[in-house]
Each structure stands twice: as structure tokens, then as C-alpha cells.
Amino acid sequence: MGGRSNLLHLPPGVRRGGWARHKPPRPAWGLAACAGRLTECSASFDAPLSAAIVPLLEAQASAQPCAWVGGLGRDPYPPDLQAVGVDLARLVSVRVPPGKQGRATDLLARSGAFAVIVVDLGGYDLPMPLQTRLLGLAQRHNAALIFLTKKEPEKASLSSLISLRLEFQLTPTGHLSGCCIKDKTGPAQWRVDEPLAPLPGCEHYRVERQR
């Protein structure tokens, strides 16, 4: 037959002797990482408000409304949010007495109207039945529920229902450097690629700047 090769043409990603091995994509902090689940962002110095800006901006880029639940006197200064690109017209800000954040979050999540709900808990916890209900709502509406907490890295997450937890630290420049210490759907540990710029109106930034 004239020495013509009769090799089988294999589809991309397949090699002779088995499937080609591909490394799984590296996780990245953003809306895709926390949609449909309960996420906790913690820091020892204060609840890391700036950490929630990345998924919030990504949701707003696709015209999806977001909400921010905070205790009295702890919500970010609106002009500072606007300065980093947050559309205030698409952000519902809810201010409640400390310890009452859970009820407000439940009402917002039930509506199914918000792609991202940021909940500044500070040092407060949420009852387990409420967390269970919030997880079901997050999964039903594919919403990202992001809890901001103040705690040391070795402290346990809010509960076993938290499937993604990131710990943030302040860099010498005042930025936030993040590291994932718990991810039930991906690698055990990964880092936030870029340091997050602080919001000037955030309490932890003001405290750090005055030292």
C-alpha cells in the first residue's frame, strides 16, 4: 500500500495510551468562586470589608443587583464604594443593630433578587437553623452569601455549612492579602492573586493609617 500510514486521528486532549492529563484550573477569588454557597471572609484585625468588593463588582458588571448588610456605624462610606466602581443604584444597603444581621439577610435571600449579599457580622455568629436556611436559598437562587467576620485564622468557621473560607491580612502598604484556608469544592489552599486595595472608609483602614 505504498507505506501509507493508517494512524487514527485522535481528538484534542487525547493521546495514545490514555487521556492527556490536565491540571485543574486554579481557583480565583470572585463571583464564580462563591455563587450558590456560603462564604466566610475573616481577619484578625477586623471584618475585611474590602474583600467583598471583587465579587460585588463582577455581579454589577452583568447588571445584577447586590445587597450589603451591616451593623450600625459599620457600613462602608458610599463615596468610597463609588470611587472603586460600585454602582450605588444597584446596591441595597441595610443597616441593623449589631447581632440582627441574620434576619435581614434571610429576608433579602428569600426574595431571590440579589446575586451577592454581603453580611458584615463582625464578631457575631448566626444560629445553625438560619445558616441551613440561607444555604438552601443560596443554592436555589445561585446567590453568593458572603459573611465578613473578625477572628483569628485558627478559629473555626461559622459552621460546617461554610464551604469557602478566606483569611485576609494587612500588607505593609495597607492592602489586603488573602489566602483560602477551606474550600470544599477545590484545592485545600489557594491564594488571592492580587492584593486588594482598601476602602478608605473602612474601619480597619482608618485604624491602620493612624498607627
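The values are calculated or read from the model by the stated rules, or taken from the named source; none is laboratory data. Only a predicted model underlies this, so the values are computations on that prediction, with no experimental measurement involved. Ideal geometry is used to build each Cβ from the backbone, glycine not excepted, and the neighbour counts take in all protein chains shown.
To keep it simple, each residue is scored yes or no on (1) farther than 17 Å from LEU145 by Cα; (2) charged (D, E, K, R); (3) free of Cβ contacts under 8 Å to residues at least 40 places away in the same chain.
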| residue | (1), (2), (3) |
| --- | --- |
| CYS66 | no, no, no |
| ASP75 | no, yes, no |
| VAL94 | no, no, yes |
| PRO98 | yes, no, yes |
| GLN101 | no, no, yes |
| ALA104 | no, no, yes |
Where a residue in region 139-167 is within 15 Å of CYS180 (Cβ to Cβ) and free of Cβ contacts under 8 Å to residues at least 60 places away in the same chain and its partner, wherever it lies, is of a type in the set (Lys, Arg) and in a loop (DSSP other than H, G, I, E, B), with Cβ under 8 Å and at least six apart: none
Pairs, first without any contact (Cβ under 8 Å) to a residue 60 or more places away in the chain in region 111-130, second of a type in the set (S, T, N, Q), C-beta under 7 Å, six or more apart: ILE117/THR105; VAL119/GLN101; VAL119/THR105; TYR124/GLN101; MET128/SER159
Single residue of region 166-188 satisfying the filter (surrounded by 22 or more Cβ atoms within 10 Å (Cβ to Cβ) and not small (Gly, Ala, Ser)) that is farthest from GLN101 (Cα to Cα): LEU176
Criterion: within 21 Å of LYS100 (Cα to Cα) and at pLDDT below 90 - qualifying residue of ALA52, ALA67: ALA52
